[in-house]
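The values are calculated or read from the model by the stated rules, or taken from the named source; none is laboratory data. These numbers were taken from a predicted model, which means no experiment stands behind them. As a convention, Cβ positions derive from the backbone with ideal geometry for all residues, glycine included, and neighbour counts pool all protein chains shown.
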Amino acid sequence: MKVIEAENLSKTFRVRGKEKGMKGSIKAIFQPQMKEIKAVDGVSFAVEEGEALAFIGPNGAGKSTTIKMLTGILYPDGGSVKVLGMDPTKKRKRLAYEIGTVFGQKEQLWTHLTPYDNFRFFGAIYDIPDSEIERRIGELSDTFALSEFMNTPVRNLSLGQRIRCEIAASLIHKPKVLFLDEPTIGLDPVVKENIRSLIRQMNRDFHTTIFLTSHDIGDIEKLCRRVIIINSGQIVLDDSMEHLKFSDASLEDIIVKIYQEKGREEQDL
């Protein structure tokens, strides 16, 4: 069963262009020259239920724009998208009950509250009955080993502990698809491996579909069975990790080459 289907997905933004010799002029301020940037240009792919997919590329490649269209935050200019059979632009609220998100650089937890109070809060948001939320908190506490700091304010937790709580909070409503954006950023190697183990366990035990973006090769190789690389708004590679392992160039070599090409494009602008 396909849980994500994108067909010729496109999104264009109008941005202020560089104006030679006009920096600081009145005309540049009140009559700026605008140009169109095609952030996503005819992207098509599908993700199967229970799949662990890495969706990666250089900064500005179109990753975040694609994810925002998948979650209903942005409307596509062209093409179509379905997540769990729903059009995110038309059923964003209903879709929110079926997906979860974890952003390594952004906190969703209230830092002055304890993990327990945060989980209760998110349970109320998702209309989970009291009896069910207590059972769910107990399950997540056991799975992610949270009991020793369950009643400690989030602001007093280590980064690794906080990330574990962030992932647990994103699973409180049993989402079918989990979007992970740099989940191990800033963590030391030991904690990184612990977080990766938890994500693998979550994918295996709950059959949660994983949609991962990361610049960490370790995250990609250890968590995902398939890789999509996007560059300049277009998909340049869509392959299995198993096949890439036996290819002439390693995944790291391919990524480095694409990032170098992206740097040359930016210099030419």
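When Ser131 is tested against (1) among the polar types (S, T, N, Q); (2) assigned to a helix (DSSP H, G or I); (3) closer than 21 Å to Ile99 by Cα, just one condition goes unmet, and that condition is (3).
Gly72 falls short on exactly one of the conditions (1) more than 17 Å from Lys176 (Cα to Cα); (2) of a type in the set (Gly, Ala, Ser); (3) in contact with a Leu (Cβ under 7 Å, 6 or more places away or on another chain), and that condition is (1).
Let me confirm something: among Thr89, Thr101, which residue is in a loop (DSSP other than H, G, I, E, B) and at pLDDT below 95? Step through it out loud before you land on a result.
Numbers: Thr101 fails: in a loop (DSSP other than H, G, I, E, B).
Only one candidate passes the filter, namely Thr89.
Just name the residue that is modelled with the lowest pLDDT out of those in the stretch 1-38 that are in a strand (DSSP E or B) and in contact with a Lys or Arg (Cβ under 6 Å, 6 or more places away or on another chain). Checked the stretch 1-38; the qualifying residue modelled with the lowest pLDDT is Met34.
Per-residue answers, yes or no, for (1) out of contact with any strand residue (DSSP E or B) (no Cβ under 9 Å at 6 or more places or on another chain); (2) more than 17 Å from Phe121 (Cβ to Cβ):
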site: Ile133; (1), (2): yes, no
site: Ser141; (1), (2): yes, no
site: Glu148; (1), (2): yes, yes
site: Thr152; (1), (2): yes, no
site: Leu157; (1), (2): yes, no
site: Gln161; (1), (2): yes, yes
site: Glu166; (1), (2): no, no
site: Ala169; (1), (2): no, no
site: Pro175; (1), (2): no, no
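Screening Gly218, Gly186, Gly233 for residues that are closer than 25 Å to Val154 by Cβ and not hydroxyl-bearing (Ser, Thr, Tyr) leaves exactly one candidate, Gly186. Output yes when any residue across the stretch 39-52 is at pLDDT below 90 and assigned to a loop (DSSP other than H, G, I, E, B), and no when none is. No; the residues of the stretch 39-52 include none that is at pLDDT below 90 and assigned to a loop (DSSP other than H, G, I, E, B).
The rows are residues; the columns are (1) surrounded by 15 or more Cβ atoms within 10 Å (Cβ to Cβ); (2) closer than 22 Å to His112 by Cβ; (3) of a type outside the set (Val, Ile, Thr); (4) modelled with pLDDT of 90 or more.
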position	(1), (2), (3), (4)
Asp127	no, no, yes, yes
Ser131	no, no, yes, no
Asp142	no, no, yes, no
Met150	yes, yes, yes, yes
Asn156	no, yes, yes, yes
Leu159	no, yes, yes, no
Cys165	yes, yes, yes, yes
Leu171	yes, no, yes, no
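Take the conditions (1) under 18 Å from Asp239 (Cβ atoms); (2) surrounded by fewer than 21 Cβ atoms within 10 Å (Cβ to Cβ); Ala52 misses just one of them, which is (2). Can you confirm whether Ala168 is at positive phi and not hydroxyl-bearing (Ser, Thr, Tyr)? When the stated conditions are applied, Ala168 does not pass them.
In the stretch 65-79, how many residues are buried (at least 17 other Cβ atoms within 10 Å of the Cβ) and on the phi < 0 side of the Ramachandran plot? Total satisfying the criteria: 9.
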